[in-house]
Amino acid sequence: MNPLVSVVIPCLNRAHYLVPTLESVLGQDYSPVECIVIDGGSTDGTVDILRRYGGRIKWVSEPDKGHADAINKGWRMSGGEILAWLNADDLYAAPDAVGKAVAYLQRNRLVDVVYGDYSEIGENGEVIRGPIKPPEWDLEKAVKYCHYTIPQAASFMRRSILEKVGWLDAEFGNGKDHDLWLRIGMAGTIRYAPLSLACVRDCRGLSQLPDMGEGKVRVTQKFLRRPDLPAP
C-alpha cells in the first residue's frame, strides 16, 4: 500500500495564484495525496475558491501567527507518512512529481528528506529559468554560509523526522526552512536526487522581505547555541 503524502499550502490573499497550485497537487498521478490549505483569513476571494473544491481538499480560514504557524497547523492536521509544503503561488512540475519523490524514499529507507530540481516561473506560469539543480546538501557549508541549499517546494520529508526534531520554528519569518534543514541535518539524512519536482514563482514574497539578512544571522546564532555540536 502506498504511503499517504500530505501537502500543506499556507495561504494569505493569493487567490490569483491559488487555483494552479491546487490543481498541480490534485492532478498528481500518485495516490493517496492529501491536500490541506491553511488560509490566514484572506479577503480576496480565496475562501470562495476553497469552497468550490468541496471534499477534494481540507481547509481552514482563520487568523494565524504567520507562515510557519500555518504550515505547522496543516502538518498537525495531516495524516501523511510523507509531508511537504507548497506556497500558494508555487506548483509541482509535472503530474508524476510526488510519485517520483515517494519512489526515491521507498528505495532509500534511511533518507529522511529528499529534494530535487526546480524551475522559476513568471506571473503567467511561463518558465523563465531552469530546471535548476541545487547543490548537494552539506551541513558544514549550510552553517558556515547560511545558504538555502534546499528548495522547499521540491522537498519531501518523512513525518518521523519532523516529529523527532520538531516542526518549523514559528519565531522565524525568514529562515524558518533553513533552520529546519539544520536541525534535520543534525539528526537525520538529507539527500539530493536529480528529479524535476517543482516550479517556484518569481514574484514578491517572504524571500524578498528586508529582514532576510537578519533572519540568517538569527538562524546561525540559534544553531551555534546547540550543546551537541560536533567538532570542529
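The values are calculated or read from the model by the stated rules, or taken from the named source; none is laboratory data. As the structure is a prediction and not an experimental result, all values here were calculated from the model. In this analysis, Cβ positions are derived from the backbone assuming ideal geometry, glycine residues included, and neighbour counts consider all displayed protein chains. The accessibility values were calculated without ligands, DNA or RNA, using every heavy atom of the protein model including side chains. Shrake-Rupley method; radii C 1.70, N 1.55, O 1.52, S 1.80 Å.
Summary table below
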{"item": "Number of Lys pairs (Cα under 14 Å; 8 or more positions apart or on different chains) in the chain", "result": "8"}
{"item": "Region 104-130 versus region 39-63: alpha-carbon centroid distance in Å", "result": "26 Å"}
{"item": "With eigenvalues of the C-alpha gyration tensor scaled by 5 and rooted, the chain, Å", "result": "26, 20, 18"}
{"item": "Positive dipole terminus of the chain, leading residue within 127, 160, 99 (C-beta point charges)", "result": "160"}
{"item": "Förster radius 45 Å - calculated FRET efficiency between residue 110 and residue 13 (Cβ-Cβ, nearest 0.05)", "result": "0.65"}
{"item": "At 0.890 mPa s and 25 °C, Stokes D of region 108-175 from Kirkwood alpha-carbon radius, µm² per second", "result": "173 µm²/s"}
{"item": "Projected area, mean over directions - region 29-136, Cα convex hull, nm²", "result": "8.5 nm²"}
{"item": "Theoretical ellipticity at 222 nm over the chain - DSSP helices of four or more residues, -39500 (n - 2.57) apiece, nearest 500", "result": "-10000 deg cm²/dmol"}
{"item": "Net charge dipole size for the chain [Lys, Arg +1 and Asp, Glu -1 on Cβ; Debye, nearest 20]", "result": "620 debye"}
{"item": "Positive-end extreme of charge dipole, region 151-202 - chosen from 195, 151, 185 (charges on Cβ)", "result": "195"}
{"item": "Debye log10 I(q)/I(0) at q = 0.21, 0.24, 0.26, 0.29 Å⁻¹ for region 139-204, Cα point scatterers", "result": "-1.02, -1.26, -1.38, -1.46"}
{"item": "Where N is the number of residues in region 68-204, Cα Rg divided by 2.2 N^0.38 Å", "result": "1.00"}
{"item": "Long-range amide H partners of residue 59 with built H, under 5 Å", "result": "37"}
{"item": "Relative contact order of the chain, defined on C-alpha pairs under 8 angstrom at six or more residues apart (%)", "result": "22 percent"}
{"item": "More than 11 angstrom apart: percent of Cα pairs within region 91-130", "result": "68 percent"}
{"item": "With every protein chain in place, the chain: carbon and sulfur % of accessible area (1.4 Å)", "result": "51 percent"}
{"item": "Solvent-accessible area per residue, Å², over region 1-125 with all protein chains present [probe radius 1.4 Å]", "result": "42 Å²"}
{"item": "Region 20-83: relative contact order as a whole-number percent, Cα under 8 Å and 6+ apart", "result": "36 percent"}
